[in-house]
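All of the numbers you see were taken from the coordinates with simple rules; none came from a lab. Quantities reported herein were computed from a predicted structural model and do not represent experimental measurements. Cβ placement follows ideal geometry from the backbone for every residue including glycine, while neighbour counts extend to all protein chains displayed.
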Amino acid sequence: MAVIAAIAVGLAGGAALGGRAEAVTAPVPHSQSLAAPAGDTPDGVDLDQDGRTDLAWPQTLGQRGEDAYGSGAFGASRDGGRRRHNGLDLVAPVGAPIRAPISGIVTRVGQAYAGEPELQFVEITSPTTRYSARVFYVGSSRAPGAQVTAGEIIGRAQDLGRRYASGMTNHVHVEFANHRGAVLDPLAVLPASPRSADT
């Protein structure tokens with residue numbers, strides 16, 4: 001019940017998620033039932049008690065703290081206070097396995113930045129919860145249309161060193177939105193206590 005209450009708090013989030021360069025998309029049937037079993041997923045939670053994990057941590061090495069580029073916290077200041085960080089940055093060594101934060105259908109795979117094909121994002125939409133999640137800076141192992149279960153490996157963390165040469169902690173960036181496109185705080189959606197290691 002605490003998880004569901006926390007998600008309700010997250011629904012008060014603000015702006016809609018924008019598009020990204022060169023994305024490949026797939027449609028999501030809102031009534032489709034996913035057949036994949038929950039399996040052994042790290043710190044997953046079954047919201048609707050149907051025996052399948054609905055939410056899980058993509059990486060469990062902790063939040064990116066302050067570095068030369070600022071904080072990895074949700075809502076942290078960006079561009080001198082002109083905008084807010086719409087996601088949560090999770091520490092991820094280069095090559096670390098990255099897991100699906102929600103069960104659903106891979107709706108988009110694309111480049112986080114034009115001209116940098118190795119820095120991809122994977123978007124997953126859940127027909128059950130109607131949440132969307134995007135995980136950035138991965139080398140995707142899934143294509144649009146694939147069904148994934150929360151906690152399933154969807155790719156590997158990529159090296160941010162070239163793009164952020166002044167010293168950014170290597171990480172993946174995770175965003176959540178509800179069915180209206182309102183941004184949600186990942187800490188209000190994900191399970192409360194991730195494991196200490198995921199590699």
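Points to keep in mind about this one:
- Estimated distance in nm for a label pair at residue 67 and residue 159, the labels positioned 7 Å out from Cα along Cα-to-Cβ: 1.4
- Gyration tensor (alpha-carbon) shape descriptor, the stretch 43-124, a/c threshold 1.5: prolate
- Whether the stretch 61-185 is rounded, prolate or oblate, judged on the alpha carbon gyration tensor where a/c under 1.5 counts as rounded: oblate
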